[in-house]
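Below is one structure, written out as structure tokens; the observations come after it.
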Amino acid sequence: MDRKLFNFNVGVLGHVDSGKTSLSKALSTVASTACFDKNPQSKERGITLDLGFSSFTVNIPPHLKDDLDNYENVQYTLVDCPGHASLIRTIIGGAGIIDMMILVVDVVKGMQTQTAECLIIGEILCEKMIVVLNKTDMLSPDKKDATIEKMKKRMLKTLEGTRFAGCSIVCTAAKPGGPESGDASSIGIEELISTLQTNTYKPKRTETGQFIFSVDHCFSIRGQGTVMTGTCLNGSASVNDNIEIPSLSVQKKIKSMQMFKKPVQKIVQGDRAGICVTQFDAKLLERGLICTPGALPTVHAAIISLNKISYYKGPIATKSKFHITLGHETVMGKITVFGALTSDDKQASSSADNFDFSIEYSYQDCFLTKDMCDNQVDVSLPSMQYALIELEKPVTCATLSLVIGSKLDTDIHSKNCRLAFHGRLLEIFTKPSYVQESLPKLKIFKIKKREGGIDRVVDEYSVIGKNLFKKTTNMELFNNLKIELSTGEKGVIEGSFGTSGKVKIRIPAGISEDVMNRFSGPKKKRKGKVGDEGVEEEKDKTDREPIKIYLIFKRFIFDPEKKMLQT
């Protein structure tokens, strides 16, 4: 097969029973081995349980003639994603390979919870979307036009605040009369194909770089070998190239390849294909990634750029656990949220696409929004926010992979959005010992505040402080840090005093007379009763405000033995 066919991947997403699979069948002329969900449970229940793949081919759209002058036709690969709420992992896994999205909406029921979740996924992943109002045959003929117009206005209003504002809306009846209707002709399919052509664009693709291939189906063919079907995410591969299955630490040679039942010698980024290898048990790999040997590391923890999904109502809190989706895998992970300070000029070197270990980052209890910062004193919105994600189970993936955090244990019948945040994988930690070996170089600090008091005055320039530290504290970490007395004097910690946690503090400008008088000791009492001539009453020190010592410093949370820094 020559390279005259340009492949364009279209995700078909929507709520369960909105007619996605029927729509894909109506559009498709070629079905893959993973088409329309062959799972027996799927057929029995009448819903899609897994990703389905099919395709159809049309002429190059006129507006792409110049951009695709080396191609004769466009092949649309349809990725039919399951719509049931419990299968959101599969939806996310499939959505990562698409160039455009078709959001299928039941025109009778309108937007539902999972429809909204699919819209969110599309907004994270896709540049363009087409809304299909399906099942128009179910509307009453006398109210059909009015209902469709009302639904179009409602959808356009819903999409106003998204990247898909003003997107195309097409009305269809993919299976008029429902599953039992026989061979009734679909309605609106030609208009949908025309709209697809109009919205098609040339995605950024390259043949360079290491080969990475997302496998969604694996099966054996007697006498030929094991076939892994999927989508090329990066680079290219040719027959006889060596590939690695990193999750199994296995390497194989490509025996042959096909694109929708047609043999090919080479595939490139964006292509949907089947790769055949020999002497490999298909049962060992249901879905996952294969690649150029050594291209994909195993990740135990990672740093990601962090973006909260606005529809998620809960906090993105440090130390909380989320379902973390990387490619086809979803595992539990604990997060630590931190941000880049806007006041530091060096922060410009950290962004949504790279991370700089040489600068300091501020620890956060949770992801911060503008409203949260406006309502708090001394809290500013960071220029960038990140998360350290520590995975409960290692995952194989590439740097800059999309990451989605979810709360998939939320009641699927609730109307709450379960998708919490998304970001890109910026830095990865591949060793199980990353906590000891790698995290100390991550400069995330907390602002710590300690309050103590004066134990006694040594001289007019020195005092002994108490209650600032425990007796087990390594005082060398705090030497030369600045302190301030509640009476206004400023000083520095010179070192420990004794073994009980007390410290010696020097006040370079000198101690005030008030402080000196308080700690110079009481006047001696003369014999006699208070009130007698010549007998002074000792002043009660308890009626005075105690003098406090304040210490504010930075502490690096992953390197507790690092010397403390002044704020």
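The values are calculated or read from the model by the stated rules, or taken from the named source; none is laboratory data. Computed from a predicted structure; not experimentally measured. Every residue, glycine as well, gets a Cβ built from its backbone with ideal geometry; the counts of neighbours run over all protein chains shown. Protein only, heavy atoms only, side chains kept; ligands, DNA and RNA dropped before computing areas. Shrake-Rupley method; radii C 1.70, N 1.55, O 1.52, S 1.80 Å.
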### Query
Just how large is the dipole of segment 144-221 about the Cα centre, in debye to the nearest 20, putting +1 at every Lys and Arg Cβ and -1 at every Asp and Glu Cβ?
500 debye
## Note on the structure
Dividing the surface of the Cα convex hull of segment 364-447 by four yields a projected area in nm² of 8.1 nm²
### Task
Name the shape class, rounded, prolate or oblate, that the alpha-carbon gyration tensor gives for segment 212-291, where a ≥ b ≥ c are the square roots of its eigenvalues, rounded holds for a/c under 1.5, and otherwise prolate holds if a/b is larger than b/c and oblate otherwise.
rounded
### Query
Which distance in nm do the two modelled labels at Asp353 and Asp514 give, with both placed 7 Å along the Cα-to-Cβ direction?
5.8 nm
### Message
At 0.36 nm per residue, and after removing the present C-alpha to C-alpha distance, how many nm does the segment from His413 to Ala282 gain when stretched out fully?
### Response
43.6 nm
### Message
Please list Met259, Met516 from largest to smallest accessible area, probe radius 1.4 Å, with all protein chains kept in place.
### Response
Met516, Met259
### Task
Rank by packing, highest mean first: peptides 474-481, 121-128, 15-22, 368-375, with packing defined as the count of other Cβ atoms within 10 Å averaged across residues.
15-22, 121-128, 474-481, 368-375
### Query
Within the accessible area of segment 212-291, what % is carbon and sulfur when the probe is 1.4 Å and the other protein chains stay in place?
45 percent
### Query
Using heavy-atom solvent-accessible surface (probe 1.4 Å) with all chains present, what is the largest-first order of Arg222, Arg424?
Arg222, Arg424
### Summary
Shape call for segment 298-442, from the Cα gyration tensor axes a ≥ b ≥ c (a/c under 1.5 means rounded, otherwise prolate when a/b beats b/c, else oblate), comes out oblate
### Summary
XL table Lys319/Lys548; Lys20/Lys255; Lys313/Lys334; Lys25/Lys109; Cα-Cα > 25 Å flagged, in table order, is Lys319/Lys548; Lys20/Lys255
### Query
Once the Cβ-Cβ distance between Ile148 and Glu127 is put in as r, and R0 is 25 Å, what FRET efficiency do you end up with, to the nearest 0.05?
0.40
### Net +/- balance of residues flanking Ala301 in space, Cβ distance below 10 Å, scoring K and R +1, D and E -1
0
### Summary
Env charge @ Glu513, Cβ radius under 14 Å, K,R +1 / D,E -1, value -3
### Message
Using a 1.4 Å probe on the protein heavy atoms only, what accessible surface does Arg506 show? Give it in Å² to the nearest 10.
### Response
90 Å²
### Query
Between Glu72 and Asp559, what length in nm is gained on full extension when 0.36 nm per residue of separation is reduced by their alpha carbon distance?
169.4 nm
### Query
Quick one: net charge of Lys321's neighbours, Cβ under 15 Å, K/R +1, D/E -1?
+2
### Rh by Kirkwood over Cα pairs, then Stokes-Einstein D for segment 137-216 at 0.692 mPa s and 37 °C, µm²/s
201 µm²/s
